1. Among Ala31, Ala24, Ala44, Ala62, which is of a type in the set (A, V, I, L, M, F, W, C), touching a Phe, Trp or Tyr at 6+ places or on another chain (Cβ under 7 Å) and not in a loop (DSSP other than H, G, I, E, B)?
2. Looking only at the stretch 47-61, how many residues end up being farther than 19 Å from Gly72 by Cα and open to solvent by 50 Å² or more (accessible area, probe 1.4 Å)?
3. Could you tell me which of the residues Thr21, Thr41, Thr12 is open to solvent by 60 Å² or more (accessible area, probe 1.4 Å), hydroxyl-bearing (Ser, Thr, Tyr) and either touching a Lys or Arg at 6+ places or on another chain (Cβ under 7 Å) or modelled with pLDDT of 85 or more (or both)?
4. If Ala78 meets every condition in (1) of a type in the set (A, V, I, L, M); (2) more than 16 Å from the chain's Cα centre (by Cα); (3) surrounded by 13 or more Cβ atoms within 10 Å (Cβ to Cβ) apart from one, which number is that one?
5. Which numbered condition trips up Gly69, out of (1) loosely packed, with under 15 Cβ neighbours inside 10 Å; (2) under 24 Å from Ser118 (Cα atoms); (3) modelled with pLDDT under 90?
6. I'd like the full set of residues that are without any contact (Cβ under 8 Å) to a residue 60 or more places away in the chain and either open to solvent by less than 100 Å² (accessible area, probe 1.4 Å) or not in a loop (DSSP other than H, G, I, E, B) (or both), limited to the stretch 89-101.
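The values are calculated or read from the model by the stated rules, or taken from the named source; none is laboratory data. The structure displayed is predicted, hence computed values, not measured ones. Neighbour counts are summed over all protein chains in view; Cβ atoms, including those assigned to glycine, are modelled from backbone coordinates with ideal geometry. Ligands, DNA and RNA are excluded from the accessible area calculation, which covers all protein heavy atoms including side chains. Shrake-Rupley method; radii C 1.70, N 1.55, O 1.52, S 1.80 Å.
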Amino acid sequence: MLSSRAPEPRPTARPARVALTTPADAARDAAQARANAEAATLAASTLHAYLGALPDPDRSRADAYWSGGGPGTPADDALLRGLTGLRGMRIENDPPHALDRESPPRAFEIPVRLRSGSGSAPR
């Protein structure tokens with residue numbers, strides 16, 4: 001059945017919004033990205049230094065990495081502190097993930113895989 005009404009006009013597409021970035025905005029964003037990357041690198045380096053300090057029988061160097069000067073009671077890293085006769089350790093980590101929205105972030109989660117060698121066989 002035909003209608004005597006005129007066809008309804010098709011909706012027109014809205015023009016796309018273009019975000020304008022000024023040189024100052026680009027420089028600020030680049031500086032922020034560099035600061036975030038440096039914070040993540042520092043966090044991973046600190047983790048590696050801490051894990052490297054754990055095998056030392058004098059745990060004061062490892063304890064210094066904990067806020068409050070120690071891992072608490074019971075020790076949060078008790079499994080690692082319980083390794084005896086450690087000859088070597090291979091540390092592999094995934095990229096750090098920021099746990100806060102600070103810029104640069106102040107807290108990171110860093111997934112880690114450890115392979116340790118003690119005695120004659122790796123663990």
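1. Only one candidate qualifies: Ala62.
2. Matching residues across the stretch 47-61 total 1.
3. Residue meeting the stated conditions: Thr41.
4. So the condition that Ala78 fails would be (3).
5. For Gly69, the exception is condition (2).
6. Met89, Arg90, Ile91, Glu92, Asn93, Asp94, Pro95, Pro96, His97, Asp100
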